[in-house]
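Q: Take a look at this one; I'll ask things after.
All of the numbers you see were taken from the coordinates with simple rules; none came from a lab. A quick note: this is a predicted structure, and the numbers were derived from the prediction, not measured. Here the Cβ positions follow ideal geometry from the backbone for every residue, glycine too, while neighbour counts run over all protein chains shown.
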Amino acid sequence: MKVYNFSAGPAILPKEVFAEASEAVKDFQGIGMSILEISHRSKEFQAVMDEAMALAKELLQVPEGYEVLFLQGGASTQFAMSSMNLLGEGETVGYVDTGTWSAKAIKEAKMYGNVNVLASSKEAGYDSIPKGFDVPSDVKYVHLTSNNTIYGTQFQSFPDVGVPIVADMSSDILSRPIDVSKFGIIYAGAQKNMGPSGVTMAIVKKDFVANPVRKTPTMFNYNTFIEKQSMFNTPPVFPIYVSMLTMRWVKKNGGVAKMNEVNTAKADLLYGAFDKSDLFYGRAKVEDRSKMNAVFLIKDESKAGAFLEACTAANISGVKGHRSVGGFRASIYNAMDINGVQTLVDVMTEFEKAHG
Ligand SMILES: *Cc1c(COP(=O)(O)O)cnc(C)c1O
């Protein structure tokens, strides 16, 4: 049975990746052992790690002076780890508050120094991305969430803030080209657009993280992972392997520029359907709409349950909205093809004909 999985995360991955990963669980590259039982120091896994790092660098055109790291603890650990390393007591950092994940990041940073919330869309229910905010000269770096998985908004471009940006790109990493040189740290939990849960990719500018501002435990110090090439301790072997396979798939399918092209077409199709509809409507401001997570609402709430049933009947899974927003959310990550989006649009159209 073909199910169209629109879940926000853990999320859809390319079916070729699932096929290859399941082979590797049984017998990795014909060595008679599973990927799950080989040493992380084996030459076979070292090759996986090397390829994962090289693919991330190639796909995102990571410049000299940066390292690609594979960490554990999820993006949520990066909320704390970034500020623990970078934000000294009495120092100030700027945060852009665009939703739940930004707010959680702010909470962690406040443990270490002064947080200046430069701009927030909270009052408007996080329906947009603040623009044109000032960055005071005492701000050491600016943290932002590039794509707001829950509210369905996305930075279409990144502001020039005059200091390095630390960005949570959990839900749009590898979805489009980015200019890495603007960033001091990019981090992303893999389970949205890159792999299974259990690994966080970080792209760090080496001189930006070189001198932690305080005593930092070994496992919370970026330099540990830089020096040991993400092999200080046992890395999450399987999530890194699957992420590597996904990056191979991205490369084979034209790279992140092509991903962006396809993601734009998918988003246009879906948002176009909201805009034509008299029953459904998009939640986010048009210019800030996410190409990864499309959040939409229904004018007649009493029909919400019936719509979800219609989705289920069409083998569409995962469109129930986040509990804090309600309504619906269609996550249309790289691995969701346009046929899946068309199927959802068809269900919406049919539903509106029957119930509109
Ligand atoms: C899912 C998500 C997180 C949380 O990631 P974990 O890996 O579960 O800690 C953080 N930020 C964004 C933007 C997310 O989408």
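Q: Is the stretch 234-282 rounded, prolate or oblate when judged by the Cα gyration tensor, a ≥ b ≥ c being the square roots of its eigenvalues, rounded requiring a/c under 1.5 and prolate requiring a/b larger than b/c?
A: Working: a/c = 5.93, a/b = 2.24, b/c = 2.64.
Oblate.
Q: Here is a follow-up. Straight distance only, please: which aspartates and glutamates reach the Cα of Lys303 with their own Cα at less than 18 Å, same-chain residues fewer than 8 apart left out?
A: Output for Lys303: Asp278, Asp346, Glu350, Glu352.
Q: Treat every Asp and Glu Cβ in the stretch 15-252 as -1 and every Lys and Arg Cβ as +1, leave all other atoms uncharged, and give the resulting dipole magnitude about the Cα centre to the nearest 20 debye.
A: Details: 22 positive and 25 negative charges, 40 e Å.
Around 180 debye, computed over the stretch 15-252.
Q: Among bridges DSSP assigns within the chain, what percent are antiparallel (round to 5)? Could you put the intermediate results ahead of the total?
A: Values: 22 of 41 bridges.
So the antiparallel bridges in the chain amount to around 55 percent.
Q: Another one. Using only helices, what value at 222 nm comes out for the chain when you add -39,500 (n - 2.57) per DSSP H run of length 4 or more and divide by the total residues, to the nearest 500 deg cm²/dmol? The partial results should precede the final answer.
A: On the way: 10 runs with 128 residues, N = 356.
Result for the chain, helices only: -11500 deg cm²/dmol.
Q: Between rounded, prolate and oblate, where does the chain land on the alpha carbon gyration tensor, with a ≥ b ≥ c its root eigenvalues, rounded for a/c under 1.5, else prolate if a/b exceeds b/c?
A: On the way: a/c = 2.13, a/b = 1.19, b/c = 1.78.
In terms of gyration-tensor shape, oblate.
Q: Sticking with this one: Quick check on my link table: of Lys107/Lys276; Lys104/Lys131; Lys276/Lys320; Lys107/Lys215; Lys131/Lys353; Lys110/Lys215, which ones sit more than 29 Å apart, alpha carbon to alpha carbon? Kindly include the intermediate steps, with their values, before the conclusion.
A: Values: Lys107/Lys276 40 Å; Lys104/Lys131 21 Å; Lys276/Lys320 21 Å; Lys107/Lys215 20 Å; Lys131/Lys353 39 Å; Lys110/Lys215 17 Å.
Table pairs above 29 Å Cα-Cα are Lys107/Lys276; Lys131/Lys353.
Q: Moving on. Is there a quick way to get the dipole size of the stretch 62-111? I mean about its Cα centre, with the Cβ of Lys and Arg at +1 and of Asp and Glu at -1; what is the value in debye to the nearest 20? Walk me through the numbers before you get to the answer.
A: Values: 3 positive and 6 negative charges, 55 e Å.
That gives the stretch 62-111 a dipole magnitude of about 260 debye.
Q: What is the order of Glu108, Glu287, fewest Cβ neighbours within 10 Å to most? Each step should come with its number before you reach the end.
A: On the way: Glu108 19, Glu287 10.
Ordered from fewest to most neighbouring Cβ atoms within 10 Å, Glu108, Glu287 come out as Glu287, Glu108.
Q: Looking at this model, which pairs from Lys251/Lys285; Lys15/Lys251; Lys122/Lys205 are more than 24 angstrom apart at the alpha-carbon?
A: In this structure, Lys251/Lys285; Lys122/Lys205 exceed 24 Å between Cα atoms.
Q: Can you give me the long-range amide H partners of Arg329? Hydrogens built in the peptide plane at 1.01 Å from N, cutoff under 5 Å, separation of 5 or more residues or another chain.
A: Here the answer is Phe296, Lys320, Gly321, since their amide H atoms fall under 5 Å of that of Arg329.
Q: Here is a follow-up. Helix by helix, which DSSP H runs in the chain go 20 Å or more along their axis at the Cα atoms and have an average Kyte-Doolittle hydropathy of 0.5 or more?
A: Values: long enough: 43-59 (23 Å, 0.02); 237-252 (22 Å, 0.62); 255-276 (32 Å, -0.19); 338-355 (25 Å, 0.06).
Sorted by number, the helices that extend far enough and score high enough are 237-252.
Q: With 10 angstrom as the radius, rank Thr98, Thr312, Thr92 by how many other C-beta atoms surround their C-beta, starting from the fewest. Don't skip to the end; give the middle numbers.
A: Numbers: Thr98 29, Thr312 13, Thr92 16.
Sorted ascending by nearby Cβ count, the order is Thr312, Thr92, Thr98.
Q: Also: Just tell me which lysines come within less than 16 Å, Cα to Cα, of Lys258; anything on the same chain fewer than 8 places away is out.
A: Filter leaves Lys266, Lys291.
Q: Another question about this same structure. What is the Cα centroid distance between the stretch 39-92 and the stretch 219-261, reported in whole angstrom?
A: 8
Q: How would you order 208-215, 234-241 from highest to lowest mean count of nearby Cβ atoms within 10 Å? Present the calculation step by step, with values, prior to reporting the outcome.
A: On the way: 208-215: 14.0, 234-241: 21.0.
Descending packing order for the listed peptides: 234-241, 208-215.
Q: Sticking with this one: Between Tyr222, Phe45, Trp101, whose Cα lies farthest towards the positive end of the dipole of the stretch 15-252 when Lys and Arg beta carbons carry +1 and Asp and Glu beta carbons carry -1, centred on the Cα centre?
A: Phe45
Q: Please list, or write none, the aspartates and glutamates whose alpha carbon is within less than 19 Å of the alpha carbon of Lys140, excluding same-chain residues fewer than 8 places away.
A: Counting by Cα, and skipping residues close in sequence, Lys140 has these aspartates and glutamates nearby: Glu89, Glu91, Asp97, Glu108, Asp160, Asp168, Asp207.
Q: Next question. Which shape class, rounded, prolate or oblate, goes with the stretch 212-355 when its Cα gyration tensor gives a ≥ b ≥ c as root eigenvalues, a/c under 1.5 marks rounded, and past that a/b bigger than b/c marks prolate?
A: Working: a/c = 2.57, a/b = 2.06, b/c = 1.25.
Taking the square roots of the gyration eigenvalues as a ≥ b ≥ c, the stretch 212-355 is prolate.
Q: Can you sort Ser317, Ser171, Ser120 from fewest to most other Cβ atoms within 10 Å of each residue's own Cβ? Please report the intermediate quantities before stating the final value.
A: Details: Ser317 14, Ser171 30, Ser120 18.
Lowest count first: Ser317, Ser120, Ser171.
Q: Once the dipole of the chain is set up with Lys and Arg at +1 and Asp and Glu at -1 on Cβ about the Cα centre, which of Gly30, Phe183, His143 lies farthest towards its positive end?
A: Most positive-ward Cα: Gly30.
Q: Put +1 on the Cβ of each Lys and Arg and -1 on the Cβ of each Asp and Glu in the stretch 1-68; which of Ala21, Ala54, Tyr66 then has its Cα farthest toward the positive end of the dipole?
A: Looking along the dipole axis, the top candidate is Ala21.
Q: Next question. Taking the chain as a Gaussian network, Cα atoms linked when under 10 Å apart, which of Ser128, Ser76, Ser137 shows the biggest mean-square fluctuation?
A: Looking only at Ser128, Ser76, Ser137, the biggest GNM fluctuation is shown by Ser137.
Q: Rounded to whole Hz and in sequence order, give me ³J(HN,Hα) for the stretch 202-218 from the Karplus expression 6.51 cos²θ - 1.76 cosθ + 1.60, θ = phi - 60°, writing x for Gly and Pro.
A: 10, 10, 10, 7, 4, 6, 6, 9, 4, 10, x, 6, 8, 4, 10, x, 3
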